[in-house]
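The values are calculated or read from the model by the stated rules, or taken from the named source; none is laboratory data. Predicted, not measured: the structure shown is a model, and the values here were computed from it. Cβ sites come from the backbone with ideal geometry, for glycine too, and all protein chains shown count toward neighbours. Ligands, DNA and RNA are stripped out before the accessible areas are found, and what is left, the full protein with its side chains, is counted by its heavy atoms. Shrake-Rupley method; radii C 1.70, N 1.55, O 1.52, S 1.80 Å.
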Amino acid sequence: MREGGLAALEAVGMVITALAGQAVIHGLLDRDSEPLWGIFNGVPGGLAGQLVLLGFIGLVAMVSGGWAHTRRGPTGHRPGR
């Protein structure tokens with residue numbers, strides 16, 4: 001994978017992780033709300049099933065973004081070296 005593709009995968013992984021994490025926390029604190037505006041209403045298990053799915057999506061995004069980050073290697077060099 002090219003450098004630009006790895007950077008894009010890292011960025012998308014960070015964004016999805018942040019959104020999924022916020023949705024899980026919001027779902028735990030406010031049980032009357034629908035996580036991510038009801039996108040996951042068809043998931044079996046009710047609110048618990050939706051939060052488990054969101055947590056899994058966040059975990060997969062975090063792992064893929066971390067993998068892309070480690071594959072990119074060092075991004076900057078110190079001046080004079």
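In this structure, is G13 at pLDDT 90 or above and surrounded by 14 or more Cβ atoms within 10 Å (Cβ to Cβ)?
Answer is yes for this residue.
Would you confirm whether or not region 31-40 contains a residue that is in contact with a Gly (Cβ under 8 Å, 6 or more places away or on another chain), surrounded by 12 or more Cβ atoms within 10 Å (Cβ to Cβ), under 28 Å from M1 (Cβ atoms) and not hydroxyl-bearing (S, T, Y)?
No: zero hits.
Cβ-Cβ distance below 7 Å, separation of 6 or more or different chains: which pairs start in region 58-75 with a residue that is farther than 10 Å from M14 by Cα and end on one that is open to solvent by less than 90 Å² (accessible area, probe 1.4 Å) and of a type in the set (A, V, I, L, M)?
A68/L6; A68/L9; R71/L6; R72/L6; R72/A7
Only one of these conditions is not met by F40: (1) in a helix (DSSP H, G or I); (2) in contact with a Leu (Cβ under 9 Å, 6 or more places away or on another chain). Which number is it?
Evaluating F40 over (1) in a helix (DSSP H, G or I); (2) in contact with a Leu (Cβ under 9 Å, 6 or more places away or on another chain) leaves (1) as the failure.
Take region 43-57 and flag every residue that is outside any loop (DSSP other than H, G, I, E, B) and of a type in the set (G, A, S).
Pass one, region 43-57, residues outside any loop (DSSP other than H, G, I, E, B): 46-57.
Scanning region 43-57 gives G46, A48, G49, G55.
Please state which one of G80, G27 is open to solvent by 30 Å² or more (accessible area, probe 1.4 Å), of a type outside the set (F, W, Y) and modelled with pLDDT under 95. Before the answer, list the steps.
Details: G27 fails: open to solvent by 30 Å² or more (accessible area, probe 1.4 Å).
When all the criteria are applied, what remains is G80.
Taking the residues in region 1-37 that are charged (D, E, K, R) and part of a helix (DSSP H, G or I) as candidates, determine which candidate is nearest to T70 (Cα to Cα).
Result: E10.
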